[in-house]
Structures are given as C-alpha cells and as structure tokens.
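Notes for the one structure printed next.
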Amino acid sequence: MVKVANKEELVRLNVLLQEFGVSSRRKADELIESGAVQVNGKIIRVLGTKIERQSSISVNGKVLKNIPAKVTYILNKPFMTITSRKDDKERATIFDLPEIKKLPLNVQSVGRLDYRSEGLLVLTNDGDLALALSHPKYSVEKTYAVLTSSAFTVEDSEKLKKGIELDDGPAKAISVKIGGKEKLGNSVGQWIELVVTEGRNRLVRRMMEALGLSVVRLVRVAIGDLRLPGKLEPGKMRIVSDIEAKYLNDIKKSMINEESKKKKTPNALSKDVTEKRKIKRKLTLNDTDYAREAERREKRASLVASLRKKETEKIKEEKRSAWHSNENAKKDNKDKKSYFTKEKKEEVSKNKESKRSSVYREDKVKSEDKLESKSKKRNSKKDFEKKPKTSSGKNQSSKKRYDK
C-alpha cells in the first residue's frame, strides 16, 4: 500500500536548504535555478517546489543527512565588515571572524548592517525566526544609536516622525530621542536614538542625508526587546540566554499563528489573481498609495507598542501589589513582635527590680549583723578592761602562770 503524503508534510525546498544550513533562502533559490539541487535523484529548477521532509536532497553532489539543531547567537558586528559570505570587492565579512569560523553549524545573519555600521546582529539557522525578525510586515522594531556630524534639532525630530520621502518610497521613525553631544575635532556631533520597523538598504543613513546631516557613527542597539549586551565587545558573539530565546520564540510563534489564520480564510484568492493584483498595484503605485502604506505601518507599529506597554504596565502593577502585600505583612509581624517585647520588657524589668530589692535587703541585713557583732566585741572588750581585780591570789597565780 502506497502512503500518500499530507499537505502538512510538504515543505518548500528553499526552506529545507536553509534548515540544513546550506545557505539563506535567497541563495537557496539561486542554487535551485542553477540546477545544483537534486531531490530523490532528480534535478529541481522550479522555485517554490514543495517536497516531503523525508526526501533525499543533495547539493552539488553532496547528500544532506541530518537537519541540525536550531541555534541562535548574538554578534556585536565590528566596524568595516559586511554581513554577506563573499564580497566582489574582497572586503572583510563577519564570516571571517574567528568565533564564527569555529561554529560547527552553518548560520545566517538576520537582516543587514552596511559596511560602516556596527552593533547587534542575530545569527541563526532557524528560517522562521529569520523571517519573523527581518520581514517588514511583522513590524519588529529596530533601535539605532546615531552620531551626526552637526547639531540635531527638534524640528528634525518632528520631520522624521512625520515621514521623509526617499527614492524607494516614504520612510518614518516610530520614535526619536535626542541624546548628548560629542566633540569631533573642530565640530560638535549629536547622538540620537532612532526606532524604525523597516530593514531597507541604508535606510537610517538615507533618512539623515535627506535632512542634510551626515552620519559619523551608526550602531544598532536593539531588535525589539533583544538588546546588545554592554559587555559584548565588537567582533565577539554569544549564544542567546533562556529569556532571550523565549522572547524570540514568542515572535516566531506569533508570525506562524498569523500566517495560519490567513491560510484558513474561506474567501482566499487564487495565486493567479493575487499575482495579477500585485503587478497592477506596482504599475499604478503613486504618492497616495505610499502615504496609505506608511499610515498602515504606523498604525500597526503604534498598536504593537500600545499592547506591549499595557502588558508591561500589568506586570509592573502585579509586582507593585505583591510588594505592598509583603510590606503590609512585614509591618503586621513587626507590630506583633513589638507588642510582645513590650510586655516582656515590663515583666523582665519587674523581675529585675524585685531581685535588686531582695539583694539590697539581704546586703543590708548582713551589714547590720556585721555592725552589731563588731559593736558587741567592742563593748565586751571595754567591759573586760573596766572589770576590777577582786583577789590578789588569783592575780598572782595568773602572773606566775605567765612567768612560767
């Protein structure tokens, strides 16, 4: 009996190649088109092909055996390196770093940082996580610390929040914070913190250029709630902690749930119709469409931010109430203890006073007895000296005794 595969068991070929750690999905598509990938001995050239997970896959004649465990690392990208594996200009890449070379697994960088940018970069072999963090439709916030060559004004901040028109469409910042100043030779630079939800090529630099400002330094400090560790030096990496891994898994699960809901919609359009609509939209796209798209993204980002804020406020309120209850319990215990010690102190003080009085009485009686005995001795001695000599014989006999 032939076992028929369910639709749930079929996976895209480029996704499986990424899970095996061969390359990113984009590079996997290039490998498929070039005819370097075989499935069950047959060359596959069609993009989007779905196969069973148990299928035999080979790339350039090498059979892929076991899917490696999914791992995620945090890298502090150093200055003047690129995030791709190879470069036509022969510039240094992050994959030339010693720590990445030592890894037993083939990981890919999530998103991009240009040649002169620094900071947080996520490395993983988890394709779903990479998609959830990098795709603009999931609106994961990216926070950048930017040092400009000249002063940054409040007017510039408002312009970034409202949106700036770039060559590839409008771009806007979710939030802008003006930081401290830094001396740059003869001029004074300005640090700002910028939050965006898109990952377009050189987006932050182009936004600054549109304002007439040049960027001296650009550091990515956070992706969502995942922040760049302060102790992690440039060029160094570490595996994500349990808390960070849980946060990233939550992002991935929310993306998967959102996609599954879309698939379950009963009135879903066919592929041909959606493709035609996409082409038509590309042809008729104008400034109003860009504005609508920007407004939609802004609403989504503000909704995500408000939900996160509510969640954090709820957690803070729970912690605050727990702290107050603990403080009240401590206060009650303290009051009970103080009441007990007060009674105890009174009892102890009474006992001490009674003991002191009894000891005092005894000492007084003893001293009186001693005085009385001393006075008796003195009186007896005086009486003896005053006693008259009655008989001479007795005195003489006593005198003889003493003489002897």
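The values are calculated or read from the model by the stated rules, or taken from the named source; none is laboratory data. As the structure is a computational prediction, the values presented were derived from the model and not from experiment. We place every Cβ from the backbone using ideal geometry, glycine too, and count neighbours over all the protein chains shown.
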*Would you check if LEU194 is crowded, with 19+ Cβ neighbours inside 10 Å, in contact with a Phe, Trp or Tyr (Cβ under 9 Å, 6 or more places away or on another chain) and of a type outside the set (D, E, K, R)?*
yes
*Quick one: in the stretch 112-130, which of the residues that are out of contact with any strand residue (DSSP E or B) (no Cβ under 8 Å at 6 or more places or on another chain) and buried (at least 19 other Cβ atoms within 10 Å of the Cβ) is modelled with the lowest pLDDT?*
GLY127
*Within the stretch 112-128, can one find any residue that is of a type outside the set (Lys, Arg), free of Cβ contacts under 8 Å to residues at least 24 places away in the same chain and more than 16 Å from ARG202 (Cβ to Cβ)?*
no
*Hey, any hits in the stretch 168-179 for a residue that's buried (at least 17 other Cβ atoms within 10 Å of the Cβ), of a type in the set (S, T, N, Q) and either outside the structural domain of ARG206 (by TED's automatic domain parsing) or assigned to a strand (DSSP E or B) (or both)?*
no
*Got at least one residue in the stretch 56-72 being part of a loop (DSSP other than H, G, I, E, B), exposed (fewer than 12 other Cβ atoms within 10 Å of the Cβ) and in contact with a strand residue (DSSP E or B) (Cβ under 7 Å, 6 or more places away or on another chain)?*
no
*Does the stretch 196-210 contain at least one residue that is of a type outside the set (Asp, Glu), part of a strand (DSSP E or B) and at pLDDT 90 or above?*
yes
*Has the stretch 234-243 got at least one residue that is part of a helix (DSSP H, G or I) and free of Cβ contacts under 8 Å to residues at least 40 places away in the same chain?*
yes
*Inside the stretch 1-20, can you point out the residues that are at pLDDT below 80 and either among the hydroxyl-bearing types (Ser, Thr, Tyr) or out of contact with any strand residue (DSSP E or B) (no Cβ under 8 Å at 6 or more places or on another chain) (or both)?*
MET1, VAL2, LYS3, VAL4, ASN6, LYS7, GLU8, GLU19
_Number of positions in the stretch 101-121 that are within 23 Å of VAL140 (Cβ to Cβ), of a type in the set (A, V, I, L, M) and over 22 Å from the mean Cα position of the chain (by Cα)_ = 1
*Can you tell me which residue in the stretch 38-55 is surrounded by the fewest Cβ atoms within 10 Å (Cβ to Cβ), limited to those that are in a loop (DSSP other than H, G, I, E, B), in contact with a strand residue (DSSP E or B) (Cβ under 9 Å, 6 or more places away or on another chain) and polar (S, T, N, Q)?*
ASN40
_Based on this model, can you work out whether ASN106 counts as surrounded by fewer than 17 Cβ atoms within 10 Å (Cβ to Cβ), in contact (Cβ under 8 Å) with a residue 40 or more places away in the chain, polar (S, T, N, Q) and in the same structural domain as PRO229 (by TED's automatic domain parsing)?_
yes
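Please work out which residue is surrounded by the most Cβ atoms within 10 Å (Cβ to Cβ), limiting yourself to the stretch 266-313 and to residues that are of a type in the set (Gly, Ala, Ser) and either modelled with pLDDT of 80 or more or touching a Cys at 6+ places or on another chain (Cβ under 8 Å) (or both).
Keep residues of the stretch 266-313 that are of a type in the set (Gly, Ala, Ser), which gives 268, 270, 291, 294, 301-302, 305-306.
From the residues that got through so far, the ones that are either modelled with pLDDT of 80 or more or touching a Cys at 6+ places or on another chain (Cβ under 8 Å) (or both) too are 301-302, 305-306.
Details: ALA301: 19, SER302: 12, ALA305: 15, SER306: 10.
Only one residue tops the list, namely ALA301.
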